[in-house]
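Bear in mind that the values in this text are calculations on the coordinates, not laboratory data. Keep in mind that what you see is a predicted model, and the values were worked out from it rather than measured. For neighbour counting, all protein chains shown are included, and Cβ atoms are generated from backbone atoms with ideal geometry for every residue, glycine included.
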Amino acid sequence: MSSRRGQFLLLGVLILAICLLAALSLARTPNPRLISSHDWIYSAELVHAARLGIVKYTKIGGDLGEHVGYFLRELYRVAGEEGLNIPPVDFSTDVSVSNFTYSYRVLFNNSVEVTIYWKLEPRGFILIGKKGGAVLYRVWRLEYYHVYRAPQWGEIRIHPIIWDPRGKVEVIHLDRGNWRVLVPVGVDKAFLEDEYGVRIGVGA
Amino acid sequence: MRIIEALLISIVLILFMYSATTLTIRTPMSGHEITAERALAWLLLRSDSIAYDESRLVLVIANMTPVGYVKVDDNVHHIEASTYTYPIRLIWLGFNGTLAPRRVEVGVKP
């Protein structure tokens, strides 16, 4: 009999505890009921790793997938040490070069995507006076941008700064993502870099 | 009869544990924590090199969102006193195509 009383008492205590917790949850100051597990950071980390892979590919060539895979493995290794549970992902890469249009694309299977795109248009020649002489330049119009897509933020398009590390080419900023590049005649192909280190070939 | 009692007690116990868990451990992230996370994700998207200029990184983060501290690898930079902070961790893998991992932890203030 006393055992049965104990059981009823236990049930009563538990039910009372549930009621108290429910009342407490109703009485709390409402917080935004948004569920997030650092998804923004995780997607940004994937973009960061993919961009580094593209930079390495444009600098030393080889296989874009291997470079991205290398940075991704390092990301998971460091994330593991730091206790960041970045969900495992698979990815595919695409390099497209056609008719003065270039694009590098890394697509993850969680819909995170990185595309680096540029398009060149020849715009004739220009003669510029320099140091008492004159230099003939071939003029190119360059459209250049990065696109980062993720379910968290949709699409972000950025227009990185571009320069010539060797200082032989004149790079003039026109407006968002549009540049005029003057390559001295005699230089077959000039290589510019953006602020992340992506190498951009300008020339025929 | 005893089986039914045991079953009922188990159900009530599970309900109790679930409600206690949802109220304490699984409390959703607050709005300002999500705001800070978005800002830090944007910083990671926008710059590969900022984590390698520690003072600039700390300055930028401190101006972006209310933070108690910024920890870059093992160096802790105290920004503002706070009794409680939410730690948000980021990893900068490298810059200019090279690998040089840098671990950054930001203590976001409530």
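Among the listed pairs A:LYS59/A:LYS131; A:LYS59/A:LYS119; A:LYS56/A:LYS119; A:LYS56/A:LYS131, give every one whose C-alpha distance is greater than 29 Å.
Distance filter (> 29 Å) returns A:LYS59/A:LYS131; A:LYS56/A:LYS131.
Ignore the peptide's own chain and count Cβ atoms of other chains within 10 Å of each Cβ in B:102-108; give me the average, rounded.
1
Name the residue farthest towards the positive end of the dipole of chain B from the options B:LEU57, B:THR21, B:THR85, assuming +1 on Cβ of Lys and Arg, -1 on Cβ of Asp and Glu, about the Cα centre.
Selected residue: B:THR21.
Can you compute 3J(HN,Hα) from phi for each residue in the stretch B:44-49, using the Karplus curve 6.51 cos²θ - 1.76 cosθ + 1.60 with θ = phi - 60°, rounded to whole Hz and x for Gly and Pro?
With the stated coefficients, the stretch B:44-49 comes to 5, 5, 7, 9, 7, 9 Hz.
Could you work out the helix-only [θ] at 222 nm for chain A, with each DSSP H run of four or more residues adding -39,500 (n - 2.57) and the total divided by the number of residues, to the nearest 500 deg cm²/dmol?
-11500 deg cm²/dmol
Once phi is turned into ³J(HN,Hα) by the Karplus curve 6.51 cos²θ - 1.76 cosθ + 1.60 with θ = phi - 60°, what whole-Hz value does each residue of the stretch B:8-18 show in order, with x for glycine and proline?
4, 4, 4, 4, 5, 5, 5, 4, 4, 5, 5
Helix A:64-82: angle to the longest alpha-carbon principal axis of chain A, degrees 0 to 90, nearest 10?
For helix A:64-82, the angle is close to 40 degrees.
Quick check: net charge around B:ILE88, other residues with Cβ under 10 Å of its Cβ, Lys/Arg +1 and Asp/Glu -1?
Here the count lands on -2.
Counting only other chains, and only Cβ atoms inside 10 Å, what mean value do you get across the residues of B:42-48? Please report the intermediate quantities before stating the final value.
Numbers: counts 4, 1, 7, 14, 7, 3, 7.
Mean shielding by partner chains, rounded to a whole number: 6.
Using only the alpha-carbon atoms, how far is helix A:2-27 inclined from the longest principal axis of chain A? Give it as 0 to 90 degrees, nearest 10.
Taking the Cα atoms of chain A, the angle to A:2-27 is about 40 degrees.
Have a look at A:LEU24, A:LEU182, A:LEU120 and tell me which one the Gaussian network model of chain A (Cα, springs below 10 Å) gives the largest fluctuation.
Of the options given, A:LEU24 has the highest mean-square fluctuation.
Order by neighbour count: B:MET1, B:MET17, fewest other Cβ atoms within 10 Å first, most last.
B:MET1, B:MET17
Compare the Cα positions of A:PRO151, A:ASN110, A:GLY197 along the charge dipole of the stretch A:100-204 (+1 at Cβ of Lys, Arg; -1 at Cβ of Asp, Glu; about the Cα centre) and return the one farthest towards the positive end.
So the residue we want is A:GLY197.
When the dipole is taken about the Cα centre of the stretch A:37-203, and only Lys, Arg (+1) and Asp, Glu (-1) are charged at their Cβ, what size is it in debye, to the nearest 20?
960 debye
May I ask for the net charge around A:THR101, where only other residues with Cβ less than 14 Å from the Cβ of A:THR101 are counted and Lys, Arg are +1 while Asp, Glu are -1?
0
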